[in-house]
Amino acid sequence: MRILLAEDDAMIADGIMRALKKSGHAVDHVDNGLDADTALLGQCYDLLILDLGLPRLPGIEVLRRLRARKNSLPVLILTAQDGVEDRVRGLDAGADDYLTKPFALPELEARVRALTRRGTAHSKILEFGCLTFDRSERVARCHGHVLDLSARELALLEILLLRVGRLVSKDQLVDHLCGWGEEVTNNAIEVYIHRLRKKLEPEGIRIATVRGLGYCLDTPQES
Ligand code: CA
């Protein structure tokens, strides 16, 4: 999933980003409300994690603008411990859920799973032949057994599954794999593809390379 995190506390933001990236999500981070608003206008996300106390434009205003544009993106707000009124205003303004600071990262991850499960933009379970991919649990299974894939391999598989029957270019893979400010080279993509291929081929699933153009999932082989 592609997640936008709007949080001005660098330590909190860092912890959240690490946890979410470990689960294979691509996270873009902004530290003020105006940049959040701009990012939401220009990019497509699966979830917004929004601190209400943001500089330049309050989080509540970011949320109001988002909903005024009829954008139904799931929004998880982060509020201060004594911010009962903030929480009420946030929920009234169209937030889907909230977390009170300080919170434990596993709880944040659980809320993220719940919200993305509820999300309507994309289907939760992707399927291809014997393969199923649960986008919110971040688990891929083949014939019912769980495949041992790293976070990056899961992210790669996810985009290939989202575009079954179409070519996925290396640029699209790079986009999907990293948030802003992260570098993933074309060579690194080749390495990830190579590893993923080795894990999928025993299951009868092939990642075909179309030289110079990109990759696509191939129909499962007979046998
Ligand atoms: Ca803040």
Legend entry - Breaking point among (1) closer than 19 Å to residue 111 by Cβ; (2) modelled with pLDDT of 95 or more, for residue 66: (2)
Legend entry - Answer residue from segment 81-94, given it is within 16 Å of the ligand (Cβ to nearest atom) and at pLDDT 90 or above and is surrounded by the fewest Cβ atoms within 10 Å (Cβ to Cβ) among those: 89
Inset, instruction - Would you confirm whether any residue within segment 35-42 is within 16 Å of the ligand (Cβ to nearest atom), over 20 Å from the mean Cα position of the chain (by Cα) and modelled with pLDDT of 95 or more? - result: no
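May I ask you to list the residues in segment 64-80 that are within 14 Å of the ligand (Cβ to nearest atom), without any contact (Cβ under 8 Å) to a residue 60 or more places away in the chain and not β-branched (Val, Ile, Thr)?
Once the filter is applied, which keeps residues that are within 14 Å of the ligand (Cβ to nearest atom), without any contact (Cβ under 8 Å) to a residue 60 or more places away in the chain and not β-branched (Val, Ile, Thr), segment 64-80 yields only 80.
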Legend entry - Residue check for residue 83: small (Gly, Ala, Ser) and free of Cβ contacts under 8 Å to residues at least 12 places away in the same chain: no
Legend entry - Top-ranked residue in segment 107-128 [being modelled with pLDDT under 85 and not aliphatic (A, V, I, L, M); ranked as nearest to residue 44 (Cα to Cα)]: 122
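So that you can scan it fast, the table gives a plain yes or no per residue for (1) on the phi < 0 side of the Ramachandran plot; (2) at pLDDT 90 or above:
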position	(1), (2)
183	yes, no
186	yes, no
198	yes, yes
201	yes, yes
207	yes, yes
215	yes, yes
220	yes, no
223	no, no
Inset, instruction - Answer yes or no as to whether residue 89 is among the basic types (Lys, Arg) and over 23 Å from residue 117 (Cα atoms). - result: yes
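Can you name the helices (runs of 4 or more DSSP H) wholly within segment 79-167 that have at least 2 residues being closer than 20 Å to residue 19 by Cβ and within 18 Å of the chain's Cα centre (by Cα)?
Values: elements: 84-92, 105-118, 151-162.
In segment 79-167, 105-118, 151-162 are the helices (runs of 4 or more DSSP H) which contain 2 or more residues that are closer than 20 Å to residue 19 by Cβ and within 18 Å of the chain's Cα centre (by Cα).
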Inset, instruction - Kindly check whether there is at least one residue in segment 103-114 that is touching a residue at least 60 places away in the same chain (Cβ under 8 Å), more than 16 Å from the ligand (Cβ to nearest atom) and crowded, with 17+ Cβ neighbours inside 10 Å. - result: yes
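The values are calculated or read from the model by the stated rules, or taken from the named source; none is laboratory data. These numbers come from a predicted model, not from an experiment. With ideal geometry, Cβ positions are generated from the backbone for all residues, glycine too; neighbour counts draw on all protein chains shown.
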